[in-house]
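The values are calculated or read from the model by the stated rules, or taken from the named source; none is laboratory data. Note that the coordinates shown come from a computational prediction; the quantities given were computed from them, not determined experimentally. Every residue, glycine among them, receives a Cβ derived from its backbone with ideal geometry; neighbour counts consider all protein chains shown. Areas reflect the complete protein model, heavy atoms only, side chains present, ligands, DNA and RNA absent. Shrake-Rupley method; radii C 1.70, N 1.55, O 1.52, S 1.80 Å.
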Amino acid sequence: MTYKDYKRPGVEPIWCLGCGLHVVFTQLSNLFDELEMEPIVLSGIGCTGRTAGYFNLDTVHGLHGRIIPLAEGVKRARKDKEVIVVSGDGDLLSIGGNHLLHTSRRDINMTVICVNNSVYGLTGGQLSPTTPKGAKTKTTPGGSEIEPIDAQKILMSNKRYFYARTTPVHVKYMKEVIKQAIEWDGFAFVEIISLCLETIGKTMGLKKPSKMYNWLEENFRIVENKQVLDDFELGVVKNG
Amino acid sequence: MKKILQGNEAIGLGAIKAGLKFYSGYPITPSSEIMHYLANQDIEFVQTEDELAAVNMAIGASLGGMKSMTSTSGPGFSLMQESIGFAHKIEVPLVIVNVQRVGPSTGMPTMPSQGDISQARYGSHGDYFPIVFYPNSVEECFKYTIEAFNASEESLSPIILLSDAFLSHLYETVDIESINFKIKQRHLKPLGDEKRHFTGLLSKGGIPQTRNSDLYKKWIQKMKEKIEKTSKNYEFFEYIENKDSDTLLIAFGITSRIISPLKENYSIFRPIRLFPILEEKLKEVAEKHKKIVVIEMNEGQYKNEIERVLERKINLIKQTGGSLSLRQIKRELDDI
Ligand SMILES: Cc1ncc(C[n+]2csc(CCOP(=O)(O)OP(=O)(O)O)c2C)c(N)n1
């Protein structure tokens, strides 16, 4: 098998040209190939939510916000299989936030990859729980007045946790931390920061993919051995 | 051997006999004894954070190869509605028990009602064709839980098993060993080793076809036919004819127990499969009677269904607010 065999034939991604989701999908395929694994991949609803359906594996495209409990059910029935969720920040942290709290607390052995594009992408760029304070979106024309959610701290409210943050520009690092997450014996959460080009990217002047990628590269840096990641720091925090 | 069992326990026991391997649920009166019972069984059991998680986890476990169930009451059943449509769409077997209490909202949490008949049929969005059973004794709670699992495996759809606070809390002696039942095995391959895509999107062979109206029409027709075909193996009802009466009483669940003495003076039809409606049988028995009276614990939810199917005027005797009175029912019958 090569990484290309992980792509479901007969379907093309709906994602915009240059969107970070293409990178995430390709690198996940590479990683599965390298690790010679055929996981069960599941997604919720959104642009990111389309990810599961592009893998030529047994996959599930669930309801908006409900993919974590569905995946937990799958894992409980198939303890022998790797279970990987790929979904958006709105899906996992807003409408599905309660399930993240509790499945992570139950420490179910699965990996959740959250592609955080700072908005609700599929529905046209509304405020999401990760939208930075001050950012203009369709539903915050005057700029958001609230601080974004910190997924890291949600995970850290548990006794055992694994949280990693990366971007699609830091390709090697992204692959490395996803690998660590898959190997982690328990609930592992990986946040991939990748701005939505068409919406918040546009308002931030980063509509061109190269500009967005440069911005990610310039603003984020990899740190090691930190207890807690600050904003704009990429790394792994874990306890267990 | 005879045993004293509660309605809710009989549902739990029936599920185990049917091959239940996974249960997820969120506590709610008057359904909680089902989960208490199952917490003590050798199955995968999760008390979830809410009913949204409960139903989705049960869907996931079922996809993973385990016969699965969740149970709740009206408010939790409302939270599950989006997922019920999803389960129909991706064709996953599942049993959902709704022990009805008086609503809307928190209403009268410990009191029985039959207020979720419409919700059981139409609660999710879009068109779909659910199979709904409603037993009326502790023994039947056991039996029709098993049938619900069988129907779910056969139709690859979520089956709704209705009960009510009265029936679920009833204690009766049951001789479990004397009950005959068959068990349908799983034929859906567990998630993990194939290359399928289970999606809520209209799709063909795992590939989304979200603007293909012709495909949708074919698909919905197929769904309808699938449920109709399965339903033929689950034509559950009871009919007691009284040749001296020109009036047919229709009741189900606990209400049918309360009116059972009326068989001396009236014919009684009791659907056990509420949906799809037992149309042919209903038409056949309706023809023999001048008057038809539906007795139910709501404002006429099933009466409206019967009226639609039979295309004639149907009388309603409603028993609402959690109270059931045979005397009041008799009085109203005298007036009809
Ligand atoms: C119950 C429900 N509410 C609302 C929607 C509409 N909806 C679809 S995707 C989405 C937001 C997706 O945002 P996110 O999870 O961040 O994913 P992205 O598209 O940005 O990748 C919303 C609100 C829906 N499908 N279901």
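Our coupling estimate for segment A:217-229, obtained by passing each phi through the Karplus curve with A = 6.51, B = -1.76, C = 1.60 and θ = phi - 60°, is 5, 6, 8, 10, 9, 7, 10, 10, 6, 9, 6, 9, 7 Hz, Gly and Pro reported as x.
Computed 3J(HN,Hα) for segment B:80-89, one whole-Hz value per residue from the Karplus formula 6.51 cos²θ - 1.76 cosθ + 1.60 where θ = phi - 60°, is 7, 4, 4, 6, 5, x, 4, 5, 5, 5, glycine and proline marked x.
Among the trypsin sites (Lys or Arg not before Pro) found in segment B:174-223, those both in a DSSP coil and sparsely packed, with 13 or fewer other Cβ atoms within 10 Å of their Cβ, are B:Lys182, B:Lys195, B:Arg211. Among bridges DSSP assigns within segment B:238-335, what percent are antiparallel (round to 5)? Rounded to the nearest five, the antiparallel share is 20 percent. Taking 0.890 mPa s as the viscosity and 25 °C as the temperature, the Stokes-Einstein diffusion coefficient of chain B based on its alpha-carbon Kirkwood radius rounds to 120 µm²/s. What's the angle, to the nearest 10 degrees (0 to 90), between helix B:51-63's Cα axis and the longest principal axis of chain B? Result, in degrees: 60.
Using only DSSP helix segments of four residues or longer, with each worth -39500 (n - 2.57), what per-residue ellipticity at 222 nm results for chain B after dividing by its residue count and rounding to 500? Could the numbers behind the result be given before it?
On the way: 13 runs with 131 residues, N = 336.
Using -39500 (n - 2.57) per qualifying helix, the result is -11500 deg cm²/dmol.
For the protein assembly as shown, list log₁₀ I(q)/I(0) at each q in 0.09 Å⁻¹, using the Debye formula over Cα point scatterers of equal strength and ignoring solvent, two decimals each. Normalising to I(0) and taking log10 leaves -0.72. The calculated FRET efficiency for the pair B:Asp50 and A:Arg160, based on their C-beta separation and a Förster distance of 22 Å, comes to about 0.45. Taking amide H as placed 1.01 Å from N in the peptide plane, the amide H of B:Ser71 sits under 5 Å from that of B:Tyr26, B:Val97, each at least 5 places away or on another chain. Extending 7 Å from the Cα toward the beta-carbon at both A:Lys4 and B:Asp175 defines two label points whose distance is 7.0 nm.
Can you pull the one-decimal nm distance between simple spin-label points at B:Tyr239 and A:Asn239, each 7 Å off the Cα toward Cβ? According to this spin-label approximation, the distance is 6.7 nm. Summed over both chains, the accessible area lost when A and B associate is about 2800 Å², using a 1.4 Å probe. For segment B:1-68 and segment B:163-209, what is the separation of their Cα centres, given in Å? Centre-to-centre distance over Cα atoms comes out at 12 Å. Between the amide H of A:Ser144 and those of A:Gly134, A:Ala135, A:Lys136, A:Thr137, distances stay under 5 Å, these residues lying 5 or more places away or on another chain, with hydrogens modeled in the peptide plane. If I model a spin label at B:Lys189 and B:Lys283 as a point 7 Å from the Cα along the Cα→Cβ vector, what separation in nanometres do I get? The two pseudo-label positions are separated by 4.2 nm. Per-residue Karplus couplings for segment B:157-162, computed as 6.51 cos²θ - 1.76 cosθ + 1.60 with θ equal to phi - 60°, are listed in order as 8, x, 9, 9, 10, 8 Hz, Gly and Pro entered as x. Solvent-accessible area of A:Asp185, all protein chains in place: 110 Å² (probe radius 1.4 Å, heavy atoms, ligands and nucleic acids excluded).
Between segment A:94-160 and segment B:71-107, the alpha-carbon centres lie 27 Å apart. Once the gyration tensor of the Cα atoms in chain A is diagonalised, the equivalent ellipsoid follows with semi-axes of 25, 21, 18 Å, ordered largest first. The listed residues B:Asp193, B:Asp175 rank as B:Asp193, B:Asp175 when sorted by accessible area, largest first, using a 1.4 Å probe.
Computed from point charges on the beta carbon alone (+1 for Lys and Arg, -1 for Asp and Glu), the dipole magnitude for segment B:238-335 about its Cα centre is near 160 Debye. DSSP bridge analysis restricted to segment A:3-239 gives an antiparallel fraction near 25%, rounded to the nearest 5. Going through the cross-link list A:Lys175/B:Lys89; B:Lys3/B:Lys67; A:Lys179/B:Lys218; A:Lys7/B:Lys232; B:Lys2/B:Lys229, which pairs have a Cα-Cα distance over 31 Å in this structure? Over 31 Å apart, Cα to Cα: A:Lys175/B:Lys89; A:Lys179/B:Lys218; A:Lys7/B:Lys232; B:Lys2/B:Lys229. With the cut-off at under 20 Å, measuring from each backbone N in segment A:178-195 to a point 7 Å along the Cα-to-Cβ line of A:Glu36 picks out A:179-180, A:182-184. When both segment B:260-332 and segment B:120-149 are represented by their alpha-carbon centers, they are found 18 Å apart.
Paramagnetic label reach from B:Glu91 (point 7 Å along Cα→Cβ; backbone nitrogen cut-off under 19 Å): within segment B:224-251, residues B:224-233.
Descending by average beta-carbon neighbour count within 10 Å, the peptides A:63-76, B:314-327 line up as A:63-76, B:314-327, the highest first. Given a 1.4 Å probe and the protein chains as shown, A:Thr2 ends up with an accessible area of around 70 Å². B:Met66 sits with roughly 40 Å² accessible to a 1.4 Å probe, with DNA, RNA and ligands left out of the calculation. Annotation for segment A:165-240: trypsin sites (Lys or Arg not before Pro) lying in DSSP loop with at most 11 further Cβ atoms inside 10 Å of their Cβ are A:Lys226.
Residue farthest toward the positive end of the dipole of the protein assembly as shown, with Cβ of Lys/Arg at +1 and Asp/Glu at -1: which of A:His22, B:Asn298, A:Gly10? Sorting the options by dipole projection puts first A:Gly10.
Among the GluC sites (Glu not before Pro) within segment B:199-240, which fall in a DSSP loop and have no more than 13 other Cβ atoms within 10 Å of their own Cβ?
Numbers: sites: B:Glu225, B:Glu228, B:Glu235, B:Glu238; in loops: B:Glu235.
Loop-located and lightly packed - B:Glu235.
Backbone amide hydrogens, once placed in the peptide plane, bring B:Ser163 within less than 5 Å of B:Asn98, B:Val99, B:Gln100, excluding anything fewer than 5 places away on its chain.
Of B:Arg270, B:Arg331, the residue with the largest accessible area leads and the full order is B:Arg331, B:Arg270 (1.4 Å probe). Could you check what % of the DSSP bridge pairs in the protein assembly as shown are antiparallel, to the nearest 5? Roughly 30 percent of the beta bridges in the protein assembly as shown run antiparallel, per DSSP.
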